[in-house]
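Here is the structure we will look at, set down as structure tokens.
The values are calculated or read from the model by the stated rules, or taken from the named source; none is laboratory data. Source: prediction; values computed, not measured. Cβ placement follows ideal geometry from the backbone for every residue including glycine, while neighbour counts extend to all protein chains displayed. Surface accessibility is based on the protein's heavy atoms, side chains included, excluding ligands, DNA and RNA. Shrake-Rupley method; radii C 1.70, N 1.55, O 1.52, S 1.80 Å.
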Amino acid sequence: LLGAAILLCLVDVLHAFATEEKGDVFQRMACPAFLMFDNAAYLADMTFELPCNCKPEEVSSVVWYFQKNMGSHETTVLTDFAGTVVVDSSHIHAGSDVLKRFSIRMFSLIVFRAQVADSGHYLCGTKTGDFFYGYDVDVQPTKHIMVAFVDRGQHIQHDYTGKLFSLFTTFWDWTRCDRCGVRGEQRRIGLCYMQSAQLHPRYRAAVPNITSCGSRAVPVHFQRPGRLRRPEVAIRSCLTPCPKEEVPKEGVQAISNVIFKLGKKPWLPHVPTQFHQQPVGTDLIIACPGARPEHAVAWDKNSVRLYRSRYLVGVNRSMRVFIDHGNHLHIQQLRVSDGGTYFCWREGKMVAGFRLSVMHQRWRRRTLDDPETIYAIKVIGMSYAVISIIFIIIHMCRCCWR
């Protein structure tokens, strides 16, 4: 008992010491006398977090500022001046403004589904205009991204070496296998970086004289070659076993569980399934629940695997069903044959199903208060008015000429 009491006291002391060390992080890290910008590069549609690494002890809440270029008079305030902005990431769309896609938690700024227009300077400070820490964020586009399938022997872009700078690709680690128990795929994202001795000294990077291609540290006369080099994605096949599920010992299972399992269909995966109806000829985009662009995500239609080597956007020009680089499944100009159950894998585990039924639109009588009828009447009336005005002007010109 005495030993146990001493051990518990030591645990409490260590816990208090750890809490004090964690709360004292801002006292141990002094803010730089001259504001510097840390370089950070991401791919479009990704979510990134920028911590405010230093601030005075008396500051209880921070204000984040966004500035497109250094010295610009247009500055966006990303806070409610209380530091308590909370955003639900599931309700965020890619085209929405940055003011609707950010959150501040524990002095850190979180930007959801970043876009290329979000590239710029992010400053941590106070509402009075005192700045403590800065970031130079480079969001690189996915519109013309380079794709290399390793299984086909395809290679990434070659490095470019010039007199004053060189361009190369820095790859992230391979993702997990997007499926288990069957053949899956892995992705590896690569971003464009530049090495030069003429970079702006106010910008700080992990490696000296190296920064991302879209950074503000790159001189103006170097920016055009950097824009010509695109981000890259490498894809390869993989095979990983599924983790074994723990089976209860014999006699532990209840009779209700046994009866419930007897009623299941063994050929259907046991995942939460949503039901959705969509008219013929429309476009549909399906997102995997809880998945982000950097996650390993895969799609299946019934028992057919939709591999990226065939269904990735840009593989074929005339693609009606494809997967984009944000892991969304697109189905354009829906047909009746597109109906079925689509299963979503996330990080090697099947997590959700979508039962899609494609239906024909029923014919119905239009009334005068329908929006389509009102729009058609406006268009026809405006067209008639324009034609009448042109007709009158032509006859007046003819009369005057005579």
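Structure above, values below:
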{"quantity": "Residue ranges of strands (runs of 3 or more DSSP E) in region 127-214 with at least 1 members open to solvent by 70 Å² or more (accessible area, probe 1.4 Å)", "calculated": "131-140, 183-196"}
{"quantity": "First in region 279-292 and more than 23 Å from residue 178 (Cα to Cα), second anywhere and part of a loop (DSSP other than H, G, I, E, B) and open to solvent by less than 60 Å² (accessible area, probe 1.4 Å), Cβ under 6 Å, 6 or more apart", "calculated": "280/334; 282/334"}
{"quantity": "Residues satisfying the stated conditions in region 38-75, i.e. open to solvent by 40 Å² or more (accessible area, probe 1.4 Å), more than 16 Å from residue 131 (Cβ to Cβ) and in a strand (DSSP E or B)", "calculated": "42, 49"}
{"quantity": "When residues of region 96-126 are limited to those that are in a strand (DSSP E or B), within 18 Å of the chain's Cα centre (by Cα) and of a type outside the set (A, V, I, L, M), the one nearest to residue 68 (Cα to Cα)", "calculated": "120"}
{"quantity": "Entirely in region 270-379, the strands (runs of 3 or more DSSP E) that have 1 or more residues that are within 20 Å of the chain's Cα centre (by Cα) and loosely packed, with under 12 Cβ neighbours inside 10 Å", "calculated": "284-286"}
{"quantity": "Output for region 105-129, where each listed residue is of a type in the set (A, V, I, L, M, F, W, C) and under 14 Å from residue 47 (Cβ atoms)", "calculated": "109, 110, 111, 112, 114"}
{"quantity": "Top-ranked residue in region 89-117 [being more than 20 Å from residue 61 (Cβ to Cβ) and open to solvent by less than 10 Å² (accessible area, probe 1.4 Å); ranked as modelled with the lowest pLDDT]", "calculated": "101"}
